[in-house]
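A short worksheet on the structure shown next.
Taken together, the values in this text are just the output of simple stated rules run on the coordinates, not laboratory data. What you see is a predicted model, and the numbers here were worked out from it, not measured in a lab. Every residue, glycine as well, gets a Cβ built from its backbone with ideal geometry; the counts of neighbours run over all protein chains shown.
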Amino acid sequence: MMNKKIIFALIFSILIVGLFMGNVNAKDNIETDVVTGNVYTCYFYTPLEVFNAQVTFGSNNALTVSSFSGFGFYLPLGDLFTVGYYASQASIGQQTGDIVMLLAGAGFDQFVGGTGTILLQYSEVYFVAFGGFQAV
């Protein structure tokens, strides 16, 4: 049962990233990344809970999420970015434990959005979609 969820989440994530790649390929040249140095108010949609958080894309490719006391990194490429984030003893809904978030997304002017997976306690995989706007 869990294997089907993992396969579905990976395939869906690849499809979403493929859709965002068209945005970069359509341009004559790749612009500088749009998320570096910005703070976004993001809404995360998971089967566990819908929650919001301030997400900070630091100038040194460090990433912070205000809802969790963890650490992360991001890799920008034009309008696209990928995120890896880890937090120990984080709470999402009624669940508490170590989480690993792997996200892929894109920035559009003052907005970001994307999809990915959350690995909870290294055994439960949940799909996540997120969207947000730049905080002033």
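Once you place label points 7 Å from the Cα toward the Cβ at residue 75 and residue 54, how far apart are they in nm?
For the pair residue 75/residue 54, the computed spacing is 2.9 nm.
Which residues does a label at residue 94 reach in the stretch 46-67, if reach means a backbone N under 15 Å from a point 7 Å past the Cα toward the Cβ?
Counting only backbone N, you get 47-50.
Near the amide H of residue 51, under 5 Å away, which other amide H atoms are found, from residues 5 or more places off or on another chain, if H is placed in the peptide plane?
44, 46
Rounded to whole Hz and in sequence order, give me ³J(HN,Hα) for the stretch 60-74 from the Karplus expression 6.51 cos²θ - 1.76 cosθ + 1.60, θ = phi - 60°, writing x for Gly and Pro.
Each residue of the stretch 60-74 in turn: 9, 6, 8, 10, 10, 10, 5, 6, 10, 9, x, 9, x, 9, 9 Hz.
Using alpha-carbon positions, what is the distance between the centroids of the stretch 46-63 and the stretch 86-134, in Å?
That distance is 7 Å.
I'd like the Karplus ³J(HN,Hα) series for the stretch 38-47: coefficients 6.51, -1.76, 1.60, θ = phi - 60°, whole numbers in Hz, and an x wherever there's a Gly or Pro.
With the stated coefficients, the stretch 38-47 comes to 10, 10, 10, 8, 10, 10, 9, 10, 10, x Hz.
In sequence order, what are the phi-derived ³J(HN,Hα) couplings for the stretch 113-124 according to the Karplus relation 6.51 cos²θ - 1.76 cosθ + 1.60 with θ = phi - 60°, rounded to whole Hz, with x for glycine and proline?
So the Karplus estimates, Gly and Pro as x, are x, x, 8, x, 9, 10, 9, 9, 6, 6, 9, 10 Hz.
What are the residues whose amide H is under 5 Å from the amide H of residue 33, where those residues sit 5 or more places off or on another chain and H is modelled from the backbone?
78
Mind giving me the nanometre distance, one decimal, between the label points for residue 43 and residue 135, set 7 Å out from Cα along Cα→Cβ?
Placing both labels 7 Å along Cα→Cβ, they lie 1.7 nm apart.
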